[in-house]
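One structure is given below, encoded as structure tokens.
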Amino acid sequence: MNILAFVKPKNDVVFVYDDDTVKDALVKLENHRFTSIPVLNKDGNYIGTLTEGDLLWNIKNIVNFSMKQAEKMSIKELKRFRDYEIIEITANMSELINKATTENFVPVVDQHGLFIGIVTRKEIIKYFFEHNFIVL
């Protein structure tokens, strides 16, 4: 089975650029109620994953943190705990499922390493339910 059928395209994915501000990231996470989002560079490469925890622990370590500071600090400056591992569009379902078992989403890149979208664990589970692979 081709994993392309599961890919939510980049145009439909909420993400931040690594030169966006911390305030930009906070606003996106709050507005969409996500706990983690992909980080890309302006060339379209996947850089990593930004989580609420990453923001919280970085903010905690800044004395007298303010939203004024958040407007000046870029995502590049933040320490991230860990990044979700990418999968290439040519990967098989077994590889996809293996990665999706530990993450909310799996970042997908093309043959040139450019970010093309994500596959959510929710979509994989939904597919298996709809096709009677999982019986309750």
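The values are calculated or read from the model by the stated rules, or taken from the named source; none is laboratory data. The structure displayed is predicted, hence computed values, not measured ones. Reconstructed Cβ throughout: ideal geometry from the backbone, glycine too, with neighbour counts over all protein chains shown.
For the stretch 94-124, enumerate the residues that are assigned to a helix (DSSP H, G or I) and surrounded by 14 or more Cβ atoms within 10 Å (Cβ to Cβ).
Glu95, Leu96, Ile97, Asn98, Lys99, Ala100, Arg121, Glu123, Ile124
Among the residues of the stretch 52-63, is any surrounded by fewer than 14 Cβ atoms within 10 Å (Cβ to Cβ), closer than 12 Å to Val22 by Cβ and of a type outside the set (A, V, I, L, M)?
No, that holds for no residue.
Here are Lys68, Lys42, Lys28, Lys23: which of them is in a helix (DSSP H, G or I), under 20 Å from Ile118 (Cα atoms) and not β-branched (Val, Ile, Thr)?
Going through Lys68, Lys42, Lys28, Lys23 in turn, just one is in a helix (DSSP H, G or I), under 20 Å from Ile118 (Cα atoms) and not β-branched (Val, Ile, Thr): Lys28.
Looking at the stretch 49-60, I want the residues that are free of Cβ contacts under 8 Å to residues at least 60 places away in the same chain and among the hydroxyl-bearing types (Ser, Thr, Tyr) and have a partner that is in a helix (DSSP H, G or I) and crowded, with 16+ Cβ neighbours inside 10 Å with Cβ atoms under 9 Å, at least 6 apart or on another chain. Which pairs are those?
Thr51/Leu29
Could you list, in sequence order, the residues of the stretch 78-92 that are under 16 Å from Thr51 (Cβ atoms), charged (D, E, K, R) and in contact with a strand residue (DSSP E or B) (Cβ under 8 Å, 6 or more places away or on another chain)?
Arg80, Arg82, Asp83, Glu85
Condition first: small (Gly, Ala, Ser) and out of contact with any Pro (no Cβ under 7 Å at 6 or more places or on another chain). Now tell me which residues in the stretch 80-130 satisfy that.
Correct list: Ala91, Ser94, Ala100, Gly113.
What pairs come out if I take residues in the stretch 1-27 that are of a type in the set (Ser, Thr, Tyr) and pair them with residues that are surrounded by fewer than 17 Cβ atoms within 10 Å (Cβ to Cβ) and in a helix (DSSP H, G or I) whose C-beta lies under 8 Å away, six or more apart or interchain?
That search, which allows pairs on different chains as well, returns Thr21/Glu71; Thr21/Lys72.
From (1) surrounded by 14 or more Cβ atoms within 10 Å (Cβ to Cβ); (2) of a type in the set (Lys, Arg); (3) part of a helix (DSSP H, G or I), pick out the condition that doesn't hold for Lys76.
Of (1) surrounded by 14 or more Cβ atoms within 10 Å (Cβ to Cβ); (2) of a type in the set (Lys, Arg); (3) part of a helix (DSSP H, G or I), only one is false for Lys76: (1).
For (1) surrounded by 13 or more Cβ atoms within 10 Å (Cβ to Cβ); (2) closer than 15 Å to Ile86 by Cα; (3) modelled with pLDDT under 95, each residue gets a yes or a no:
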site: Asn2; (1), (2), (3): no, no, yes
site: Val7; (1), (2), (3): yes, yes, no
site: Val22; (1), (2), (3): yes, no, no
site: Ala25; (1), (2), (3): yes, no, no
site: Lys28; (1), (2), (3): yes, no, no
site: Asn31; (1), (2), (3): no, no, no
site: Pro38; (1), (2), (3): yes, yes, no
site: Gly44; (1), (2), (3): yes, yes, no
site: Thr49; (1), (2), (3): yes, yes, no
